[in-house]
Amino acid sequence: MQNEIIYRLILLAVRLMAHIPYRLGQFKGKVLGLLAYMIPMSRKEVALENIRKSFQTISESKAKNLLRRVYMHFGSMLFETPHIMKFTAENLFRYVTFEGVEDFDRAIARGKGVFILTAHFGNWELMAAAVTILWGGTAVVARPADFLPLDRVISHLRSRHGAKIIPKQRAMRQIMEAIKINQIVGILLDQNVDWYEGVFVPFLGRWACTNKGLALIALRTETPVIPAFPVKQKDGRYRIILEKEIKLQRTGDKTADVDANTELFTRVIEKYVKKYPDHWFWWHKRWKTKNSCPLPLQRSRGYGPVSRRTDEVRG
């Protein structure tokens, strides 16, 4: 009963926030983000340390300025996301524009489903809703939120326009079912996983344990993998960049191909994080799983050895 009451209160707040004018909400969110930046929190130190290690030549003042902009961006996102409640095919382009639609349409026309490769970047929730409205037949692989009432609200928003939510744990069967009926499956590939779920690939100068599931299933099914990233424009809208299909490496060595293609996917994410660093979710402990097994290091693909103390990629 308590969870039900909290859920309804959060959902009511989201519905009320959807009525705040979009640009006004973005401004309020930036102010809220700035205030949040001033509050000492452990996760703030995690984010700042991630920035320092990812941009090793950055000065302390620039690192803090970047983190301040990150807080402002995600504060703005807090007020943007409730507008999903108001999305229609008619008003959608007040919020987003698309780039690369022709290549995306060709990928869908192949009839093997499409994987959208993305990250916790920009406003991925707006992007998912926009893709669902324009193309339909979407599914999103997501880790449930730890707080049940909040998870219900997030799921409500994600499924509002018809998207299916696939829980991250044991998702393979449902992903296979989705692509068999030519659905679009969104996968956020920028989170840390345990060593048995992933492979170690370079990401922002350090080895990052990355989920290998996308590489495994894409190689098996020949489903096209299309990177998609929402970049905020000066007018407050998001330009959703749909890149060309990633050409997968296929050598016949399954282990090497999974490693190489997971690295390819991660390089795309890294490119956008470097170009728009204030758009990425720096609070996540992306490099939590340490590379203690020497086997991945023996398959050198142009990178030097790893320091056991810093876990940095050398070379």
If you place +1 on the Cβ of every Lys and Arg and -1 on the Cβ of every Asp and Glu, how big does the dipole about the Cα centre of the stretch 200-264 come out, in debye to the nearest 20?
320 debye
Calculated from the structure, Rg and Dmax of the Cα atoms in Å equals which of [x] 20.7, 70; [y] 19.8, 61; [z] 19.7, 57?
[z]
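Quote to one decimal, in nm, the extra length available between LEU219 and ARG143 on full extension: 0.36 nm per residue of separation minus the C-alpha distance between them.
25.0 nm
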Tally the DSSP beta bridges in the stretch 95-298 and give the antiparallel ones as a percent, rounded to 5.
40 percent
Taking the chain as a Gaussian network, Cα atoms linked when under 10 Å apart, which of VAL199, VAL46, VAL268 shows the biggest mean-square fluctuation?
VAL46
Sum of side-chain charges, ILE181 neighbourhood, beta-carbon under 15 Å (Lys, Arg +1; Asp, Glu -1)
+4
List the lysines whose alpha-carbon lies under 22 Å from that of LYS232, not counting same-chain residues fewer than 8 positions away?
LYS28, LYS30, LYS62, LYS64, LYS86, LYS244, LYS271, LYS274, LYS275
Quick query: amide H of ASN182 versus all other amide H atoms, modeled in the peptide plane; which residues come in under 5 Å with a sequence gap of 5 or more or a different chain?
GLY113
For the stretch 69-80, just list the computed ³J(HN,Hα) in residue order, Karplus coefficients 6.51, -1.76 and 1.60, θ = phi - 60°, integers in Hz, with x standing in for Gly and Pro.
5, 5, 4, 5, 4, 6, x, 5, 4, 4, 8, 6
If you put +1 on each Lys and Arg Cβ and -1 on each Asp and Glu Cβ, how big is the dipole of the stretch 95-298 around its Cα centre, in Debye rounded to 20?
220 debye
Classify the stretch 12-75 as rounded, prolate or oblate from the Cα gyration tensor: take a ≥ b ≥ c as the square roots of its eigenvalues, call it rounded if a/c is under 1.5, otherwise prolate when a/b beats b/c and oblate if not.
prolate
Would you please put 37-45, 66-74, 271-279 in order of how densely packed they are, using the mean number of other Cβ atoms within 10 angstrom per residue and starting with the highest?
66-74, 271-279, 37-45
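Determine the calculated [θ] at 222 nm for the chain from helices alone, applying -39500 (n - 2.57) to every DSSP H run no shorter than 4 residues and normalising by the residue count; nearest 500 deg cm²/dmol.
Estimated from H runs of four or more residues: -14500 deg cm²/dmol.
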Relative contact order (%) - criterion: Cα under 8 Å, at least six apart; region: the stretch 95-298
30 percent
When all C-alpha to C-alpha distances in the stretch 166-264 are sorted into bins of 10 Å, what percent of pairs does each bin hold, rounded to whole numbers?
13, 40, 36, 10, 1
Quote the FRET efficiency, to the nearest 0.05, computed for THR255 versus SER155 with a Förster distance R0 of 22 Å and r equal to the Cβ-Cβ distance.
0.05
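All of the numbers you see were taken from the coordinates with simple rules; none came from a lab. Predicted model, so just to flag it, every value in this text is computed and none were measured. Please note: Cβ atoms are built from the backbone with ideal geometry, for glycine as well, and neighbour counts cover all protein chains shown.
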